[in-house]
1. For 107, 137, give me the order by solvent-accessible area with a 1.4 Å probe, most accessible first, ignoring ligands, DNA and RNA.
2. Please list 142, 131, 57, 90 in order of solvent-accessible area, largest first, computed with a 1.4 Å probe with all protein chains present.
3. Just by accessible area at a 1.4 angstrom probe, what is the order of 128, 119 from largest to smallest?
4. Heads up, I need the accessible area for residue 140: 1.4 angstrom probe, whole protein in place, Å², nearest 10.
5. Accessible surface of residue 133 in the full protein assembly, 1.4 angstrom probe, to the nearest 10 Å²?
6. For the pairs 49/136; 115/135; 64/141, note any where the Cα-Cα span goes beyond 25 Å.
7. Would you kindly find the accessible area of residue 45, with a 1.4 Å probe and non-protein molecules such as ligands, DNA and RNA excluded, rounding to the nearest 10 Å²?
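The values are calculated or read from the model by the stated rules, or taken from the named source; none is laboratory data. This one's a predicted model, so the numbers in the text were calculated from it and none came from an experiment. Heavy atoms of the whole protein, side chains included, go into the accessibility calculation; ligands, DNA and RNA do not. Shrake-Rupley method; radii C 1.70, N 1.55, O 1.52, S 1.80 Å.
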Amino acid sequence: MNSKEKNLVFSWMEELNSVELSVGEDGSNYESNEFWGINNSNNQRDEEKEARVREELEKANYIKQLEKIMLEEPVNLIELKANINANFILIEDAYEEEFVDLGVEYKTYQEAHPKGDYSQARWVEEKSQQLQLLKKKEFEKLKAQLFSGE
């Protein structure tokens, strides 16, 4: 039975609870919970458990979405990387800005390879991977801060 059906059944039970059902052999009225064999404290515990499970699922979903957003490569950088040779200077500027935002010093291609003897495409790929790792670490710090308050 899904949760919608359960809620429907419980609402019917509440309706029945407000009406006297019948008289038992001993002359007493059946109350709906007794009639159905349901213990209210168990229902409340089940509802609390379901609420906790829902909350945990929502938290996990929120964390996944947050991680996705934080780790996404900026659209402008993706577009620039479509033509690395023509956009290399702009790509370097974008990486420098991203690294600085994460509190890490960025060493430019020219500083690392003054002779220009290293593939710019390889450089961009390495910086992209390095940036992803830095963002992942930053996300993990943020996640730890979010859950430390619980």
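1. From most exposed to least exposed: 137, 107.
2. Result, largest first: 57, 90, 142, 131.
3. Result of the area sort, largest leading: 119, 128.
4. Looks like 80 Å² after rounding.
5. The value for residue 133 is about 120 Å².
6. 49/136; 115/135
7. We get 140 Å² for residue 45.
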